[in-house]
Amino acid sequence: MIVGINGINIRGEKKKILNSLISLLKQKKFIVYISEELAKTFNTSEIKVYTERNISKIDFIISFGGDGTLLNTVTSVGSKKIKILGVNVGKLGFLSFDVYDVFEKIIDDIQNNNYTLEKRSVVSLLPKNEIINKNFALNEISVVKKDSSSMIKIHCYIDNKFICTYWSDGLIIATPTGSTGYSLSCGGPILTPESKNLLITPISPHNLSLRSIIVPDNSKIILKIEKQKFNFLVSMDSRSYTFKGEQKFIIKKSNFNVNLIQPNSFDFFENLRKKLNWGFDIRN
């Protein structure tokens, strides 16, 4: 079995942990490749490097870091059906598992095909153009003001039916996976991963009556950004692109999923309590 490892800026103690993981994988007869990104700070002549051109040979990829690294891994995998295991050596790691909990047992479980494969929905931005070559996101697509303290004005439609005009710092279109990220910090609700919905969450709206709205994930969300003097950002997870002037974007559920490896014992609600202190109360 061929396993790839992706990581960003791996140094110090993280490098020692990664060496231990690689030794374990080799001991269990895995063929190990590392990503081009990881090779920047983990240079070794003993391990081959995979690229986006030959990534299809990989059976599964270990995302070694935090949630940002996992999103970076998703970007490189794209529509290919490569499985991803998130191993957390970052700060929060809501989408990945703490490294000391996962090492040997989950590797054994993968070898024995004893795990759950979660198919997480993805959103895409249309039209695809020369500025944006990877037009999809696992967490969210956001339109955010950039060069001014002035608000951005966004007209929003669902399946060509007008919802409202948002006067705000921006707008987030989040997947169920992304509901625990940027959208949550802007007051949006949490969706369970298997929910077949999308979230529309305004960022600091200039209207107290505007809150998040949940729509079916087969909806076509149309955003018309009114012409203004200043630039604004369109972000897909951690990738941002600058636009100016009047623009129209269509956001839809992608025709592919991201395949995340989860231990059979994984409990989404336990993860909420553990990582986000969900429901924390000293009376409990």
- Option label - Rg/Rh (Cα atoms, Kirkwood Rh) computed here, alternatives [x] 0.97; [y] 1.51; [z] 1.00: [z]
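If we count every other residue with Cβ under 13 angstrom of K128's Cβ, Lys/Arg +1 and Asp/Glu -1, where does the sum land?
+1
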- Task: Could you list the trypsin sites (Lys or Arg not before Pro) in the range 85-122 that lie in coil according to DSSP, counting only those with at most 10 other Cβ atoms within 10 Å of their Cβ?
- Result: K91
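Just the number, please: carbon plus sulfur as a percent of the accessible area of the range 149-211, 1.4 Å probe, no ligands or DNA/RNA counted.
Carbon-and-sulfur percentage of accessible area, whole number: 53.
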- Return the subset of K57/K275; K105/K253; K14/K83 for which the Cα-Cα distance in this structure is over 28 Å, preserving the input order. K57/K275; K105/K253
- Query: What ranking, highest mean first, results for peptides 264-270, 149-155, 48-54, 60-66 when packing means the other Cβ atoms within 10 Å averaged over each residue?
  - Reply: 60-66, 149-155, 48-54, 264-270
- Note on the structure: Computed over the chain, protein heavy atoms only, probe 1.4 angstrom, the accessible area per residue in square angstrom equals 50
- Query: Within the accessible area of the range 55-94, what % is carbon and sulfur when the probe is 1.4 Å and the other protein chains stay in place?
  - Reply: 49
- HN-Hα couplings for the range 79-93 via Karplus (6.51, -1.76, 1.60; θ = phi - 60°), in whole Hz with x for Gly/Pro, come out as 7, 5, 8, 6, 6, 10, 10, x, 10, 8, 10, x, 8, 9, x
- The answer for the net charge of residues other than L171 whose Cβ lies under 15 angstrom from its Cβ, with Lys and Arg +1 and Asp and Glu -1, is +3
- Query: How far is the Cα center of the range 179-250 from the Cα center of the range 29-78, in Å?
  - Reply: 30
- Query: By the scheme Lys and Arg +1, Asp and Glu -1, what is the net charge of all other residues having a beta-carbon under 9 Å from that of G93?
  - Reply: 0
- Where a ≥ b ≥ c are root eigenvalues of the Cα gyration tensor, a/c under 1.5 meaning rounded, otherwise prolate if a/b exceeds b/c and oblate otherwise, the range 126-172 counts as oblate
- Within the accessible area of the range 236-284 (1.4 Å probe), percent carbon and sulfur: 47
- With only helices counted (DSSP H, runs n ≥ 4, each -39500 (n - 2.57)), the per-residue ellipticity at 222 nm for the chain, to the nearest 500, works out to -6000 deg cm²/dmol
- Taking the range 184-258, which trypsin sites (Lys or Arg not before Pro) meet the DSSP loop condition and have no more than 10 other C-beta atoms within 10 Å? K227, K229
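The values are calculated or read from the model by the stated rules, or taken from the named source; none is laboratory data. Remember, predicted model here, so these are calculated numbers, not experimental data. Neighbour counts are summed over all protein chains in view; Cβ atoms, including those assigned to glycine, are modelled from backbone coordinates with ideal geometry. Ligands, DNA and RNA are excluded from the accessible area calculation, which covers all protein heavy atoms including side chains. Shrake-Rupley method; radii C 1.70, N 1.55, O 1.52, S 1.80 Å.
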